[in-house]
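Notes follow the structure.
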Amino acid sequence: MKNYFFRRNFLRMSLWGALCVGLVCGPLWGGVAVAAEPVTILAALPFSGPYAKSGMLMERGVKMAIEHAGGQVLGRPIRLITRDTQTKSGVAIRRVEEAIEKEKGKISAIIGPWSSGVALAVSEVARRRKVLHYFSGGTEDIAGKKCHRYSFQWAAHAYTAAHAIIDGVMKRYPDAKRWYTITVNYAFGWSVRDNFHLVGKDYGIQFVGDALQPLGEREFSPYMSKIKALKPDTICLINFGLDAIQSVRSAFNFGFTKTSRVIMSWSSGPEELEELTPEMREGVYLGSNFYYTVGTPVANRYVNDYRKKYKVVPGYAPSAAYAMTRIVLLAIEKAGSSDPEKIIDTLEGFTYEGFYGRTRILAANHQTERPYLLLRAKSKNEMKHSEDYAEILAMVKKQYPGDRGCKTDGGRPLP
């Protein structure tokens, strides 16, 4: 009788194992399958509003990181939920709060959003609800004066970005010291502009003007008319997406791409360059957090799979989302837990192999210590294929010398 039950149970377990090939199945307890509890990640992204295209691209990046992880972590399925932030702080706060409430505290991490101003609002929700938040954007506040235990920053610090661009441009044009900036009027723009002014002092750069533009500006002719009268050597565009595209078009129409240095200071790369003709973008300098030719093993795998799946090369938006999601999943695996507190403990000082090789997350302020890229857009004759938009001139990793207001306690940011 004993052998009969053993053989019967053995056959049941063998059949269950065969059925579970390729599926996420838990153990059998009393003949009932117990499914592994999912690890839940919330992607709070702008699926509508001025950054709607970026939100769609970011979702691609999140999903690809999950695919590359085999759809699971710690032997548990990864469950992705999304919420549309509309690039509105109030909407983002409400929808992230509702998601956390609905999931009854089971969200391990929030990825996104895209706008720095909205991200600061989401960061406060993450702090209050004690959920890990990973963001990629231009404001230094996430890793600076508003730094806290629950938020992390993937994009390079605005100080690093300013150094990458100014160092590279001034090396090539040492006498081009009259600069004019057009700055989008919210946290991202202010932060990048202030760091350009800070780094510019080392080169004796004179900022002869700064025009604040609203997010979603579509008519840049009045700005260009004002710039024409001042005759700057360099025009630095501190904006993003459609704003950047429209301002470069306008600069080209006014002849500035031929007479001055035009810089897209925080570019998404292919996502913007494909919207400009080769003549419009020729010779334009770009700063970016990612470019698809960076060439490391991690970047190559991602770029090749993205290209195969979507028939285009990835720019900054999907790449940032992929990188942040991948880091979170690596940290969950290392922590052996999906508990945000344990993931955060692992992330502080965490080193991993990323787009730029061996990379570290600073424990003191949660800034990902990585380089910022300076690129130059190619002429039509220089392009080897239709997506050969630019060349990488430099990758600069210079970090801000200090925490800039981030209060810590033994290396752990205070809540």
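Every number in this text was worked out from the coordinates using simple rules, so none of it is lab data. Quick caveat: nothing in here was measured; it's all calculated off a predicted structure. Note that each Cβ is placed from the backbone with ideal geometry, even for glycine, and that neighbours are counted across all protein chains shown.
Rounded, prolate or oblate: which fits the range 278-415 when a ≥ b ≥ c are the square roots of the eigenvalues of the alpha-carbon gyration tensor, with rounded for a/c under 1.5 and prolate only if a/b beats b/c? Taking the square roots of the gyration eigenvalues as a ≥ b ≥ c, the range 278-415 is oblate. For the chain, the longest principal axis of the C-alpha atoms and the axis of helix 89-102 are separated by about 10°. Rg over Rh for the range 184-331 works out to 1.01, both radii taken from alpha-carbon positions and Rh defined as the Kirkwood radius. Shape class of the range 124-250 from the Cα gyration tensor (axes a ≥ b ≥ c, square roots of the eigenvalues): oblate, since a/c reaches 1.5 or more and a/b does not exceed b/c.
Relative to the longest principal axis of the chain, what angle (0 to 90°, nearest 10) does the C-alpha long axis of helix 2-19 take? Taking Cα atoms only, the helix is inclined about 20 degrees. Mean separation of Cα pairs under 8 Å and 6 or more residues apart, divided by the residue count, gives the chain a relative contact order of 17 percent. Each Lys and Arg adds +1 at its Cβ and each Asp and Glu adds -1 at its Cβ; summed about the Cα centre, the chain shows a dipole of about 820 debye. Could you tell me the center-to-center distance, by alpha carbons, between the range 321-377 and the range 106-134 in angstrom? Result: 16 Å between the Cα centres. The computed Cα Rg over 2.2 N^0.38 Å for the structure shown corresponds, within (1) 0.93; (2) 1.13; (3) 1.08, to (3). In order along the range 234-245, phi translates into HN-Hα couplings of 9, 10, 10, 8, 9, 8, 7, x, 4, 4, 5, 4 Hz, rounded to whole numbers, per the Karplus curve 6.51 cos²θ - 1.76 cosθ + 1.60 with θ = phi - 60° and x for Gly and Pro.
Once the Cα atoms are used to define both axes, helix 187-200 deviates from the longest principal axis of the chain by about 50 degrees.
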